[in-house]
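A short write-up of the structure that comes next.
The values are calculated or read from the model by the stated rules, or taken from the named source; none is laboratory data. Everything numeric here is computed off the predicted structure, so don't read it as measured data. Ideal geometry is used to build each Cβ from the backbone, glycine not excepted, and the neighbour counts take in all protein chains shown. In case anyone asks, the SASA skips ligands and DNA or RNA and just uses the protein heavy atoms, side chains included. Shrake-Rupley method; radii C 1.70, N 1.55, O 1.52, S 1.80 Å.
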Amino acid sequence: MEVLRLQDVCFSYGRQMILENVSLSVRYGDFLALIGPNGSGKTTLVKIVLGLLKPLKGKVFLFGTETGKFREWYRVGYVPQRPALDTTFPSTVAEVVSAGRFGRVGLGRRLGQRDWQAVKEALDVVGLLPLHDRPVTELSGGQQQRAFIARALAGQPDLLILDEPQVGLDDRALHEFYRLLKYLNHERGITLLMVSHDVGVIGRWVSRVACLNRTLICHGTPQEVLNSGNLSRLYGTEVRAVAHSH
Amino acid sequence: MLSMFQYDFMVRALIAGVATGIVCPAVGVFLVLRRYSFMADTLAHISLAGVALGLWLGVASALSPFLTLAVAVCGALLVDRLRMRQRVSADALLALMMSGGLALAVVFFGLARGAPVDVTSYLFGSLLTVGSRDVWLILVVAVCVLFLLVLLAKEFYYVCSDEESARVAGLPVDRLNLLFIFMVAVTVAVCLRIVGTLLVGALMVIPVLAALLVGRSFRQVVLISVITGVTATLCGLMASYQLGIAAGGCIVITALLFFVALYGAKTLLNLGRRSQTAGSSGQAN
């Protein structure tokens, strides 16, 4: 089953083309990494998928419905780029995570018992349950990251979209983070779309890779895609092959 | 002290003061956290233009608060439109609208020369000029605004903390923003009778800044802001009565004292903690 389909999507800011004829499909259960250099249009593509930007040309389908007509936004979890998140905002971890239910609950309604149960479960999955009443400002970078993932999970999404979630994580936190994503993908059956400019260790964790630099350059399993030929086409310079064999 | 309750005007001022002290910081929490602290001041100056317009046109005193409200709301809608267009940066836009409002007010006051009104009571707030009609208007607006804030608290919280994600979650962010700026405009327009144009913004901002020093959750920040706001308003009104000084100044100075006290307490507490951890790590060595 198709979770997401992009059909000949084009986008420009003024005269500058950002995306040209991008077609891509994400199937149920995929763990797709969207990689490409800075300024390659990755974040723009994500914003189009989320309905925050309208494509100049082309169509985007979420769960088979065009994004303009799509109403079940609670099925899509979103973890924004970290610089976009205000981590000085006065909130406890539980308050941040509870916002993930708001899309499901409806305007002007209070969260019910089921909602708080979902919040608790999401906190448990990311291992933040013991810190639920701490202010987010007191958490480490990795813990803050997990709090925002928990917020997306609290809505019990079928598709989780993460925009450069690795930024600012050290090696250990990164490893933990990928393990969490793999767990969500394998055990919880959540389809994942992760944007990254890091091609380092991605190949070991994801099921598919798509390379974007204004157009879709290549697309397939990590073994097929992550070779030096494709990467130098993507980044323009010689990049060593980083597909990790198991 | 109790003698002040013998005067009707003082009882009216206290009732209006409590309402103002609750509603201003409650709205202010969202303004401060969205980094729109100057929005209240801007709308206050635009409201002042509304007051002055009423005087110039010779509008009956029963209707003039409604004219002020209407001008404030129009100003708010204009600010929101221009903010969406993004041709001017947000802070510059507020500066532009604020000076525009004040300039209009000065011109209208000038044209209305001879009107039997004390302009300073609008600038700095006054106890004597608060009529029973003003009190009713403040109460009605405060109740409506607080009702909306409570009803849509979670939506405003989400939009305020992460607008983009709120949009992705399917919340009607643009409409919520418009509603909110409308709520700020009506709050400012009615509350400036008590606190004054120049200081109504301060009552929206300072209690919140004080609360941010100590609040550990969003809920706590809202509660502490409101408690600080009400206490500062009541203490300020009493000081205003005792000393015969304009209400706005007394209220805002009291709020500032709360802020300074909490700031000092927090600094001392942090110093204490630091020396404690330094002491315990010294022992460990």
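Residue-by-condition table, conditions (1) open to solvent by 40 Å² or more (accessible area, probe 1.4 Å); (2) of a type in the set (D, E); (3) within 24 Å of the chain's Cα centre (by Cα); (4) more than 12 Å from A:Q156 (Cα to Cα):
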residue	(1), (2), (3), (4)
A:E95	no, yes, yes, yes
A:G108	no, no, no, yes
A:G112	no, no, no, yes
A:D115	no, yes, yes, no
A:V119	no, no, yes, no
A:A122	no, no, yes, no
A:G127	yes, no, yes, yes
A:P130	yes, no, no, yes
A:R134	yes, no, no, yes
Report task. Among the numbered conditions (1) out of contact with any helix residue (DSSP H, G or I) (no Cβ under 7 Å at 6 or more places or on another chain); (2) open to solvent by less than 10 Å² (accessible area, probe 1.4 Å); (3) within 17 Å of A:V26 (Cβ to Cβ), tell me where A:Y178 comes up short. Result -> (3)
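Does region B:215-233 contain any residue that is closer than 17 Å to B:F124 by Cβ and open to solvent by less than 60 Å² (accessible area, probe 1.4 Å)? Walk me through how you get there before you give the answer.
Let us first name the residues in region B:215-233 that are closer than 17 Å to B:F124 by Cβ, namely B:232-233.
Next cut, open to solvent by less than 60 Å² (accessible area, probe 1.4 Å) only: B:232-233.
There is at least one residue in region B:215-233 that is closer than 17 Å to B:F124 by Cβ and open to solvent by less than 60 Å² (accessible area, probe 1.4 Å).
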Query raised in the report: Do we find a residue being out of contact with any strand residue (DSSP E or B) (no Cβ under 8 Å at 6 or more places or on another chain) and either within 12 Å of chain B (Cβ to nearest Cβ) or within 21 Å of B:F156 (Cβ to Cβ) (or both) anywhere in region A:126-133?
Result: no
Query - Selected residue [within 14 Å of chain A (Cβ to nearest Cβ) and free of Cβ contacts under 8 Å to residues at least 12 places away in the same chain] from B:V150, B:V140, B:V88, B:V159 - result: B:V150
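Surrounded by fewer than 19 Cβ atoms within 10 Å (Cβ to Cβ) and either under 28 Å from A:V126 (Cβ atoms) or more than 10 Å from chain B (Cβ to nearest Cβ) (or both): which single residue out of A:L52, A:L45 fits that description?
Values: A:L45 fails: surrounded by fewer than 19 Cβ atoms within 10 Å (Cβ to Cβ).
Only one candidate passes the filter, namely A:L52.
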Requested in this report: Output the number of residues of region A:55-81 satisfying the condition of being within 26 Å of A:E20 (Cβ to Cβ), touching a residue at least 24 places away in the same chain (Cβ under 8 Å) and of a type in the set (G, A, S).
Outcome: 2
Report task. Please give the number of the condition A:I35 fails out of (1) within 15 Å of the chain's Cα centre (by Cα); (2) closer than 19 Å to A:I202 by Cβ; (3) surrounded by fewer than 17 Cβ atoms within 10 Å (Cβ to Cβ). Result -> (3)
Requested in this report: Filter region A:147-168 down to residues that are modelled with pLDDT under 90 and open to solvent by 30 Å² or more (accessible area, probe 1.4 Å), then give me how many there are.
Outcome: 2
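Tell me the residue from A:V136, A:V96, A:V119 that is aliphatic (A, V, I, L, M), within 10 Å of chain B (Cβ to nearest Cβ) and closer than 21 Å to B:R167 by Cα, please.
Values: A:V136 fails: closer than 21 Å to B:R167 by Cα; A:V119 fails: within 10 Å of chain B (Cβ to nearest Cβ).
Of the residues listed, the single one that is aliphatic (A, V, I, L, M), within 10 Å of chain B (Cβ to nearest Cβ) and closer than 21 Å to B:R167 by Cα is A:V96.
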Requested in this report: Test B:L192 against the stated conditions and say whether it is more than 10 Å from chain A (Cβ to nearest Cβ), open to solvent by 10 Å² or more (accessible area, probe 1.4 Å), of a type in the set (A, V, I, L, M) and within 19 Å of B:G21 (Cβ to Cβ).
Outcome: no
Query raised in the report: Among B:A185, B:A211, which is the only one that is crowded, with 23+ Cβ neighbours inside 10 Å, at negative phi, of a type outside the set (K, R) and within 14 Å of chain A (Cβ to nearest Cβ)?
Result: B:A211
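When you scan region A:74-92, do you find a residue that is among the polar types (S, T, N, Q) and facing another protein chain (nearest Cβ under 9 Å), even just one? Please lay out each step first, then the result.
First, pick out the residues of region A:74-92 that are among the polar types (S, T, N, Q): A:81, A:87-88, A:91-92.
Remaining after also requiring facing another protein chain (nearest Cβ under 9 Å): A:91-92.
Yes, region A:74-92 has at least one match.
For B:I245, are the conditions met, namely being surrounded by fewer than 20 Cβ atoms within 10 Å (Cβ to Cβ), of a type in the set (V, I, T) and part of a helix (DSSP H, G or I)? Before the answer, list the steps.
Numbers: surrounded by fewer than 20 Cβ atoms within 10 Å (Cβ to Cβ): yes; of a type in the set (V, I, T): yes; part of a helix (DSSP H, G or I): no.
Spelling it out, it is not the case that B:I245 is surrounded by fewer than 20 Cβ atoms within 10 Å (Cβ to Cβ), of a type in the set (V, I, T) and part of a helix (DSSP H, G or I).
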**Report entry** Test: B:L199 is more than 10 Å from chain A (Cβ to nearest Cβ), open to solvent by 20 Å² or more (accessible area, probe 1.4 Å) and at pLDDT below 90
**Finding:** yes
